[in-house]
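Working notes for the structure below.
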Amino acid sequence: MISTDDYRFLAELLHRQSGLALGDGKEYLLESRLPPVATRLGFSDLAALVKSLRARPSADVEKAVCDAMTTGETFFYRDTTPFTVLERELLPEVAERVMTKGGGRPIRIWCAACSTGQEPYSIAMILEKMAGKLGGAKIEMVASDYSTPTLARAKEGIYNQFEVQRGLPVTDLVRFFQQVPAGFQVKDDLRNRISFREQNLLKPFGTLGMFDIVFIRNVLIYFDTVTKRDVLERIARQLHPGGAVLLGGTENTLGITTKLVRVQGASAPVYRHPADAAAAGKAVA
C-alpha cells in the first residue's frame, strides 16, 4: 500500500509536470502502474523510488513516472460519430474554404494526446478514402503525445489482433495494414502522412502552427479547471478562421472558457470561436 505522504508527493508531481489531477482515492492507479516503473529503473519498490525523488529529483525518473500515468485507452474510430462528422461535414467545409481562397495552404489537422496512434490513423484512413472529394487540397497532419514510449508505439504503428478488432473495419485492415510478426502494421504511405511530435500540453505549442481541425478528445477529463482553461484558450489562438475543435463526449467548455463554444445541432462535440459557431449553427450558451 502506498503511504498517504507518498501519494500526495506523486499526485503533486503529476499535476505539476503533466497536468494530471488525481484527486483523492486514486491510490490504486499508482499502485497498479508505477511498481513496474520502479523495478525497471532499479528501485526495490515504489516507496524506494519516491524516497529517491525526494532526496535527489531526477528529470528522467519524473518523466518515466508521468509517462506511465498519462497513457490512456484508445481504439480505432472511437465513438464513431466524431469521425462521421469529420468526413461528412468538417473536411468538405474546410476543403471548400481553402480551395476557394486559391488553395495556397494545406488543410492542417492536429491530434493532441494521440496515445498509441489509433486516432490519427483513423483520420488518415478517412483522408485517403476521401482523396477524390477534397478538390486536390493538400493535407498536413500532426499527432502529439506527452508519453515518449507511447508516441514511439504510435510512430511504429504496429497493433495486435485484439487492437485491430476494436473498431477497425476489415476492409480498412486489408487496405491500410500489412501483417508483420508482431501483428499488423500501418503501411508506410499512411504512416508517412503523419508528423508525430512529443508535446506536453502544459508547455507552449505555438511552434506547431495554425490548424483547421483539432482533436483533443478524452484528455480534459484528467485536468483541473485552471489547466483546462489554459489549454483550451491556447488551442483557440491556433485555429484558422472557421476552425473546429472536437472534444470527448463527456467534455465541454461551459464554465471553463468563452473562447470556444459548442455548435448546437452538431451530432458530435464540435467547438469553435463564438462568431464561427454562430455562423455554423446556434451556439450553446
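The values are calculated or read from the model by the stated rules, or taken from the named source; none is laboratory data. Bear in mind that the values here come from a model prediction, so they are computed numbers and not experimental data. FYI the Cβ positions are ideal-geometry reconstructions off the backbone, even for glycines, and counts take in every protein chain you see. All accessible areas refer to the heavy atoms of the entire protein, side chains included, with ligands and DNA or RNA removed. Shrake-Rupley method; radii C 1.70, N 1.55, O 1.52, S 1.80 Å.
Brief remarks on what is shown
- Using a simple spin-label model with pseudo-atoms 7 Å out from Cα toward Cβ, Thr258 and Lys203 lie 3.4 nm apart.
- For the range 28-159, the solvent-accessible area with a 1.4 angstrom probe is 45 square angstrom per residue.
- Residue-wise HN-Hα coupling along the range 2-15, computed from phi with Karplus coefficients 6.51, -1.76, 1.60 (Hz; x: Gly, Pro): 6, 6, 4, 5, 5, 4, 5, 4, 5, 5, 5, 4, 4, 5
- Short-range pairs are left out: with C-alpha atoms under 8 Å and at least six residues apart, the relative contact order of the chain is 16 percent.
- Amide H contacts of Phe211 (H built 1.01 Å from N, in plane; Pro and chain starts excluded): Leu239, His240 sit under 5 Å, all sequence-distant by 5 or more or on other chains.
- With both labels modelled 7 Å from their Cα along Cα-to-Cβ, the Ala275 to Arg166 distance reads 4.2 nm.
- Angle between the chain longest axis and helix 91-100 axis [Cα atoms, degrees, rounded to 10]: 60 degrees
- Hits among lysines - C-alpha to C-alpha of Lys26 under 23 Å, sequence gap 8 or more where chains match: Lys51, Lys63, Lys228
- Residues with amide H under 5 Å from that of Ser58, placed H, sequence gap 5 or more: none
- Share antiparallel - DSSP beta bridges, the range 87-211, percent rounded to 5: 40 percent
- Antiparallel content of DSSP bridges confined to the chain, in %, to 5: 40 percent
- Paramagnetic reach from Lys63 (point 7 Å along Cα→Cβ, amide N under 17 Å) across the range 130-171: 144-155
- Rg ratio for the range 186-285: its Cα radius of gyration over 2.2 N^0.38 Å, N being its residue count, equals 1.12.
- Tail fraction, Cα-Cα pairs, the chain, threshold 26 Å, whole percent: 47 percent
- Accessible area of Ile126 in the full protein assembly, 1.4 Å probe (Å², nearest 10): 10 Å²
- Per-residue surface analysis assigns His273 an accessible area of about 50 Å², computed on protein heavy atoms at 1.4 Å probe radius.
- FRET efficiency estimate (nearest 0.05) - Cβ-Cβ, Thr81 to Arg8, R0 35 angstrom: 0.35
- Relative contact order, whole percent, for the range 40-187 stands at 25, derived from Cα pairs under 8 Å and 6 or more residues apart.
- By a 1.4 Å probe calculation restricted to protein chains, Lys228 has an accessible surface near 40 Å², given to the nearest 10.
- Cysteines not pairable in the chain (beta carbon separation under 4.7 Å absent): Cys66
- Extension gain for Ala152-Lys101 works out to 14.7 nm (0.36 nm per residue, less the C-alpha to C-alpha distance).
- In this rough spin-label picture, where each label sits 7 Å from Cα along the Cβ direction, the Leu41-Glu93 distance is 4.4 nm.
- Using 0.36 nm per residue and subtracting the Cα-Cα separation, the extra length available between Lys129 and Asp230 on full extension is 32.8 nm.
- Candidate lysines for bridging to Lys101, where Cα separation is under 30 Å - those fewer than 8 sequence places away on the same chain excluded: Lys129, Lys133, Lys138, Lys259, Lys282
- The value of relative contact order for the range 195-273, using C-alpha pairs under 8 Å at least six residues apart, is 31 percent.
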